[in-house]
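Just so you know, all these numbers are worked out from the coordinates, no wet-lab data involved. This is a predicted model, so every value here is computed, not measured. Glycine also receives a Cβ, built like all others from the backbone with ideal geometry; neighbour counts cover every protein chain displayed.
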Amino acid sequence: MRAVWIARSVREQVRDHRLLVFAAILAFCLLALAAGAAWLGTQTAARWRTFVGQNVHVIVYLADNVERERALGLAEILGRASTVAEATVVEPETAFARLETSAFGSGVARTSLESLEPSYFPRSIEIQLVPAADLAGRAAELAGRLREVPGVVQVDAMTSGLARLSVWIDLGRRLGEGMLAALALVTFASLMAVFLRSRRAARQRSMVLAQLGDTAASIRLPMCLWMAVAALVGGAAGAALLRFGWRPLLSHVERSLGIVSTLPLPLLGLRDLGIGLAIVLLFGLVLGYFATPLARARDHA
């Protein structure tokens, strides 16, 4: 009997305040979007840092008289440095094969490379640096030292391209942080508006039920229930938008920034979704609890 009364009370509140229920769903959807975007944003920032680190290569071009054994020895010495992640000797045949793959992938005719031979390419050492905050500076410093080594003809530190890429990545990160801050502000304002409007809507009903002898728990329970359902619906809608919309959006942004990475795009997993929806549901219960004002003793006078 008690459950029937509670269900009827919830239905009546939802029917009488449909716009308020819709506003609550929208507010919780924004909350899920803000929280989920913040979580995915941290993963995206780590992905971009890894991408920059993986693409900082110092290319050391060796003279023709430098034998393979000497090149391997130099690569081994370089690989022991704390700032170097890996040093690999690239043979002329490998360099020529890379050029063919890159050219044909870009639509260049095969006949345009017929006059080239692997022997035209110098033996080189490709150095990958350990990811750090000042990769461009480290690359330039290492390149300066390598230019003094006998047998080294030229060193390409890729600092100009790295600097441009870092600027675009930093700009994208700042734009994302600004949009996230704006979304968080709108979410807070929406939740406060729902909270205040709910208190005004429930005040008179709360006073009547208190005069009829209902307990505080009975008075608060109906709003807690429909607010929790609104939180669950809104949170699920926000999670679905992030689940299916984040990767296409991020792919578009990365193409605009020139980021091409083999790392998987960040995605909300089922565990993340479950934890997020549980938190949003709990938040809805708490909001419904405090949004139901209880009549004070002087209100009965």
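Could you calculate the contour length gain from W39 to R145, that is, 0.36 nm times the residue separation minus the distance between their Cα atoms, to one decimal place in nm?
Gain on stretching W39 to R145: 34.0 nm.
In what sequence, highest mean first, do 7-13, 264-270 appear when ranked by Cβ atoms within 10 angstrom?
The densest-packed peptide leads the list: 7-13, 264-270.
If you count, for each residue, the other Cβ atoms within 10 Å and average over each peptide, how do 68-76, 235-243 line up from highest to lowest?
My ranking of the peptides, most packed first, is 235-243, 68-76.
How far is it, in nm, from the label point at T83 to the one at F195 when both lie 7 Å from their Cα along the line to the Cβ?
5.1
L267: net charge of surrounding residues, Cβ under 12 Å, Lys/Arg +1, Asp/Glu -1, itself excluded?
The answer is +3.
With each label point set 7 Å from Cα along the Cα-Cβ vector, what nm distance links I6 and R271?
So the label points at I6 and R271 sit 3.3 nm apart.
Among 40-47, 142-149, 225-232, what's the highest-first ranking by average C-beta atoms within 10 angstrom per residue?
With the highest mean Cβ count within 10 Å placed first, the list reads 225-232, 40-47, 142-149.
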